[in-house]
Amino acid sequence: MTLNPSTRRVNQRHDVSIPGVVKLPEGDREVDITNLSVGGLYIKDNYSYKNRKMYKVLFSIPTLKDEIAVNIMLRWIERDDNGIKGVGGQFIGIKAKEVWGLTQYFSSLDSEEI
């Protein structure tokens, strides 16, 4: 039996629009993070990322003074007829302070929805 990826998620995901940077061998690439949890993120981008490869991502959230710089392991690639639409990555080695900041950020998002 194959499970839909959304049924396997451990952490609640939040729709966001956060500018970020992916560090690549050929230079920094500006991206849009459109989905975020304490466990990972979704990047809307058409770059030819490689699945199961590690990438460093940098982004800021209002609940933390310092920028988050974290490695992600690419877990899936979303494609359409034109190629890559975006990628999903799992955080590797995220710091406790950053998890706290994300949790606070998500709480502020949830309170805006009420």
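What follows is calculated from the coordinates using simple rules that are stated; it is not laboratory data. No experiment lies behind these values; they were computed from the predicted model shown. Ideal geometry is used to build each Cβ from the backbone, glycine not excepted, and the neighbour counts take in all protein chains shown.
About the Cα centre of region 31-114, how large is the charge dipole given +1 on each Lys and Arg Cβ and -1 on each Asp and Glu Cβ? Please answer in debye to the nearest 20.
Working: 11 positive and 11 negative charges, 115 e Å.
Dipole about the Cα centre, nearest 20: 560 debye.
Across region 31-45, coupling constants 3J(HN,Hα) worked out from phi with the 6.51/-1.76/1.60 Karplus curve, θ = phi - 60°, read 9, 10, 8, 10, 8, 8, 9, 6, x, x, 8, 10, 10, 8, 6 Hz, and Gly and Pro carry x. Here the alpha carbons of the chain define both size measures, Rg and Dmax, at 14.1, 44 Å. Placing dummy labels 7 Å off each Cα toward the beta-carbon, the span from Lys50 to Glu67 is 2.5 nm.
Pairs of Lys residues in the chain, spaced 8 or more positions apart or belonging to different chains, with C-alpha separations under 23 angstrom: 20 in total. Each Cα pair under 8 Å and six or more residues apart adds its separation to the average, and for the chain the resulting relative contact order is 21 percent.
Here region 38-59 is scanned for amide nitrogen atoms under 15 Å from the site 7 Å beyond the Cα of Gln90 along Cα-to-Cβ, giving 38-42, 51-55. For Arg75, the amide hydrogen comes within under 5 Å of the amide hydrogens of Arg52, Gly88, Gly89, Gln90, counting only partners 5 or more places away or on other chains and with H modelled in the peptide plane.
Find, among the trypsin sites (Lys or Arg not before Pro) in region 13-114, those assigned to loop by DSSP (not H, G, I, E, B) with at most 14 other beta-carbon atoms within 10 angstrom.
For trypsin sites (Lys or Arg not before Pro) across region 13-114 that sit outside H, G, I, E and B with at most 14 neighbouring Cβ atoms in 10 Å, the list reads Lys50, Arg52, Lys53, Lys65, Lys95.
Secondary-structure-derived ellipticity at 222 nm for the chain, considering helices only, amounts to -5500 deg cm²/dmol, per-run term -39500 (n - 2.57) for DSSP H runs with n ≥ 4.
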